[in-house]
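> Sending over a structure as structure tokens; questions will come in a sec.
The values are calculated or read from the model by the stated rules, or taken from the named source; none is laboratory data. For clarity, every value in this text was computed on a predicted model and none was experimentally measured. We place every Cβ from the backbone using ideal geometry, glycine too, and count neighbours over all the protein chains shown.
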Amino acid sequence: MLSLLLCLLLALSMLPVTAMAEDTYNPGDVAAINAIITNNGLAATKDDPAGWAAADLVTWTGDSSSRVSELRLYDKDLTGTLDVSALTGLTNLFCDGNKLTALAGLPVTLKALSCTHNQLTALPDLRSFTELYDLFCGNNPLTDAAGDLTTKIPTTLNTLDCSNLGLTTLDTIVSRQTRLVNLMCESNGLASLPTLPATLGVLYCSDNKLTSLPTLPATLIILD
């Protein structure tokens, strides 16, 4: 009985240490979010990593020095250049519906980037981002959308959203993609579509100038 009580007391004595470990956040990541609050106008309290998570702005990895793995900055009225260079553990970035003019410091480990409905005039160079599977960049005033989507993105995307970018052709964009499953190209000036990837399962191409469609892959399950 005495040994059981001692074990219980020992376990209780360790609780503050455990709690402290769970509340340890990477200071560089905290500073990075503080910078977004200052520089981009994010409406959040500085130095409040637990509060940021509770407000569904960030996901922390939850280990002994918790890193930001995901940023969710939808419709936050952010402006300027979003610099995430200090967030080297970031894998998913969602910053749609803001007034951002540029993205900087994206880590090459990024798996998903969604930056639709901003004021971006150019995409960052993502060619070396071999783990990037999902790219949503539609509804931005890109100066050279066709050029950016041909020369600046990896060729192994699973999803590409290039809606409302003023595109008149997808030929060089789609032909470079080796495993595309989801393609969203609505609201452009497309008069035709190129040969579609054999892997394609979802195609959204409404609100264009299409009068016919190419042969559709057998894998296609959604067409709009």
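> Would you point out the residue of segment 73-113, among those that are among the charged types (D, E, K, R) and without any contact (Cβ under 8 Å) to a residue 40 or more places away in the chain, that is farthest from Thr59 (Cα to Cα)?
Checked segment 73-113; the qualifying residue farthest from Thr59 (Cα to Cα) is Lys99.
> With the structure loaded, tell me whether Ser128 is over 25 Å from Pro27 (Cβ atoms) and crowded, with 17+ Cβ neighbours inside 10 Å or whether it fails that test.
No.
> Out of (1) more than 20 Å from Asn158 (Cα to Cα); (2) within 12 Å of the chain's Cα centre (by Cα); (3) exposed (fewer than 15 other Cβ atoms within 10 Å of the Cβ), the odd one out for Thr109 is which?
(1)
> Right, another one. When you look at Ser69, is it modelled with pLDDT under 95 and within 18 Å of Ala31 (Cβ to Cβ), yes or no?
no
> Continuing with the same structure: Would you mention how many residues in segment 93-128 are touching a Phe, Trp or Tyr at 6+ places or on another chain (Cβ under 9 Å) and within 20 Å of Val68 (Cα to Cα)?
Adding up the residues that qualify gives 13.
> Can you tell me which of Asp56, Asp48, Asp63 is surrounded by fewer than 20 Cβ atoms within 10 Å (Cβ to Cβ) and at positive phi? Show your work before the answer.
On the way: Asp48 fails: at positive phi; Asp63 fails: at positive phi.
Matching residue, one of Asp56, Asp48, Asp63: Asp56.
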